[in-house]
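For reference, the structure is listed below as structure tokens.
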Amino acid sequence: MTYPIGTAGQPWQAQHKRQWLEQQSVKRSYLNDVVAQLEHLDERFTTLQYGALPYDATRYPLMLIHTREWDADKPAILITGGIHGYETSGVHGALAFALDQANQYHSTFNLVIVPCVSPWGYETINRWNPDAVDPNRSFAQHGQAPEADALMDVLAQQQWQFIAHIDLHETTDSDNSEFRPALAARDGVTHDNWDIPDGFYLVDDSAHPTPEFQRAIIQQVAQITHIAPPDNNGCIIGAPLQDRGVIHYAKDPLGLCASVTDAPFVTTTEVYPDSPRTTPQNCIDAQVAAIIGGLNYLDKHVS
């Protein structure tokens, strides 16, 4: 499809990015939907503002929560959501776990939860930030996206050592209708649409695969929602299927958020909120189930 901004085959210039930004609008409230919810956490979490986005520091404080009584003898877990702000269930799945399920894991793990890494993207329902940069391709080096920079900085400052990182995402119909066409136009290239998987799947790290960890998560999530089948080529979003509902990406070279730590166990969740077989709440519940499946596996095999 022809994207309405720019010239086909030519990368966007500054005026094209401004044109794109002018078309964006606020559709929901990060302060109400996310920040205000942190006030309902129990006393076993500490809330930390680790920065603010330069677009509007008052509107977009960057927030995380962590175990208050940090015990260096316990494994530490990082949970992130909202790297892509339009992927709603990742944000609300991280919050739901913190509010409703985290209590049963405080005795076993130190928890760090970043519910919404990209609050401007959350409010405008966008994959990119206002500079037309994808935060989830920006964890390779500083200076590409303030959302990624701030998270990398706070993790370096705190010097937390993580055993696992669970990064919560969605794959939506808008990937084909908006975001992949916009990406192709921005870069002056061609991107073929991919088949949107109908169901939940995981992205493991091709450099350090953890098949049993991924399998435990899939088994837990399958109790809540359906697992995505491969396409006719045995792939999900163009990547070969490795196990039921599991594909591999090279996370570090791509600058993905799931490469932000040295944790030996990492996974990226993907739910499909546009499926006729699911609901927004079911997608949130699937994200919570993914966290629980991962933590239960680690509790049994690692901690």
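The values are calculated or read from the model by the stated rules, or taken from the named source; none is laboratory data. What you see is a predicted model, and the numbers here were worked out from it, not measured in a lab. Because the Cβ atoms are built from the backbone with ideal geometry, glycine has one as well, and the counts that use them run over all protein chains shown. The accessibility values were calculated without ligands, DNA or RNA, using every heavy atom of the protein model including side chains. Shrake-Rupley method; radii C 1.70, N 1.55, O 1.52, S 1.80 Å.
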Under the rule rounded for a/c under 1.5, else prolate if a/b exceeds b/c, else oblate, using alpha carbon gyration tensor axes a ≥ b ≥ c, region 71-222 is classed as prolate
In Å, the Kirkwood estimate of hydrodynamic radius for region 1-118 over Cα pairs equals 16.4
Semi-axes in Å, largest first, for region 226-303 (Cα gyration tensor, √(5λ)) are 22, 19, 13
Computed about the Cα centre, the charge dipole of the chain from +1 Lys/Arg and -1 Asp/Glu charges at the Cβ has a magnitude in debye, to the nearest 20, of 220
Expressed as a percent, the accessible surface of the chain that is carbon or sulfur, using a 1.4 Å probe and the full set of protein chains, is 46
With the dipole of region 171-291 defined by +1 on each Lys or Arg Cβ and -1 on each Asp or Glu Cβ, the option from PHE179, VAL221, ASN232 whose Cα lies farthest towards the positive pole is VAL221
Expressed as a whole-number percentage, the relative contact order of the chain with C-alpha contacts under 8 angstrom and at least six residues apart is 21
Dipole check, region 1-127, charges on Cβ (K,R +1; D,E -1), about Cα centroid: among TRP120, ALA8, LEU95 the Cα furthest to the positive pole belongs to ALA8
Gyration tensor on Cα atoms of region 148-303, a ≥ b ≥ c root eigenvalues, a/c under 1.5 rounded, else prolate if a/b beats b/c, else oblate, says oblate
For region 13-80, dividing by residue count, accessible area per residue (probe 1.4 Å) in Å² works out to 57
Taking a probe of 1.4 Å and leaving out DNA, RNA and ligands, region 190-303 shows per residue an accessible area in Å² of 45
Taking region 238-280, the whole-percent share of alpha-carbon pairs separated by over 16 angstrom is 53
In terms of the alpha carbon gyration tensor, root eigenvalues a ≥ b ≥ c, rounded if a/c is under 1.5 and otherwise prolate when a/b exceeds b/c or oblate, the chain is oblate
Between the alpha carbon centres of region 286-303 and region 70-145 the gap in Å comes to 17
